[in-house]
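These notes are about the structure you will find just below.
What follows draws every value from the coordinates through simple rules; no lab data is involved. Because the structure is predicted, anything quoted here is derived from the model rather than measured. When we count neighbours, we look across all protein chains shown, and the Cβ atoms used for this are built from the backbone with ideal geometry, even at glycine.
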Amino acid sequence: MVTTAGEAFLRGFHAERPGVTGDAFGHGRSADGRTGYEALRDRVAGCRRVLDLGCGDGVLLRLLAVGDDGRRAETVAGVDLSPEALALARRRPELARAVLVEGRAQQLPFAAGAFDACVSHMALMLMDDVERVAAEAARVLAPGGLFACVLGGGAAGGEAYEAFLRLLRPVLAAVPEERRMPPLGDRRVRSRDGLDAVLGPAGFGPVEWETLRIDLGGSPEEVWRSVSGIYDVRTLDGPARAGLRAAFLAEAAALAPPGGGPVPCAFDVHLATAHLTTARLATAAGRG
């Protein structure tokens with residue numbers, strides 16, 4: 001299996017913290033009370049066969065596998081780079097029948113037309129060679145199949161997440177070059193136009209785009225556990241991480257409302273969807 005520098009970094013990170021994404025974002029909710037995972041699950045409701053690209057420890061797969069008949073997928077499968085994260089997914093009783101594979105989204109071990117939907121939560125934006133990911137998603141989807149993903153959108157206002165990023169910047173600047181995080185993913189997929197440019201040539205129709213504000217508020221320690229799950233923090237040594245934590249907790253405590261209450265912290269995510277168009281599939285077949 002070919003592994004890029006970015007993928008090697010991600011493997012190392014998730015070997016140390018295999019459930020970090022679910023821990024960071026599993027409790028945050030949008031204005032309608034749903035997590036980003038639940039919003040993504042609802043977007044593919046009714047799809048019988050669903051593949052999760054970058055499934056991690058199976059938070060989204062579990063949601064897809066349970067629930068009422070209108071939301072339950074009959075077949076769920078997941079692909080991830082991290083064997084440690086997949087080990088956690090396999091411990092979930094709801095995923096006893098799921099197909100969980102260690103591998104790359106650029107080379108999926110599934111037959112053409114095997115799924116009705118491909119989903120990805122906070123993973124597509126980290127992937128190299130996204131054109132190949134799009135082509136593989138199109139290959140394994142049935143005609144008219146749905147591609148749906150949640151993408152990070154950054155801090156949502158002048159609250160704790162923004163304070164964390166402000167404190168983090170000078171700490172990262174002091175990290176030696178040999179320990180810095182390699183570039184991850186393709187920034188095009190973080191915008192609607194960019195994602196259209198990636199998915200369109202693979203045969204997908206126009207991208208539908210919705211931005212959700214996810215509330216990650218809580219105690220200073222709870223907020224720290226959420227925001228410190230970002231990949232850059234792995235490049236810090238022990239003293240630098242401890243110093244960042246102390247500085248953040250002090251600022252977070254000052255942001256708490258008078259008389260107590262959760263520290264305000266919010267993060268934007270983008271929920272993007274696109275259908276595989278039969279017209280383009282027919283055109284491609286004609287060229288073959």
Worksheet entry | Residue exposure sequence - VAL79, VAL101, VAL233 - by fewest surrounding Cβ within 10 Å | VAL101, VAL233, VAL79
Worksheet, complete the sentence: Inter-part gap, Cα centre of the range 7-67 to Cα centre of the range 142-204, in whole angstrom, is 16 Å
Item to complete: Give me D for the chain in µm² s⁻¹, whole number, from Stokes-Einstein with Rh from the Kirkwood sum over alpha-carbon pairs, 37 °C and 0.692 mPa s.
Response: 166 µm²/s
Practice prompt. Can you bin the range 165-241 into rounded, prolate or oblate? Criterion: square roots of the alpha carbon gyration tensor eigenvalues sorted a ≥ b ≥ c, rounded for a/c under 1.5, prolate for a/b above b/c, oblate for the rest.
Written response: oblate
Response to the item:
Scattering profile of the range 1-151 from the Debye formula, Cα beads only, expressed as log10 I(q)/I(0) at q = 0.13 Å⁻¹, is -0.53
Item to complete: Of the options MET122, GLY243, GLY229, report the single residue whose Cα projects farthest towards the positive end of the charge dipole of the chain (beta-carbon charges: Lys, Arg +1; Asp, Glu -1).
Response: MET122
Discussion item. Could you identify which residue out of LEU276, LEU168, LEU141 has the top mean-square fluctuation in a GNM of the chain using Cα springs shorter than 10 Å?
Written reply: LEU168
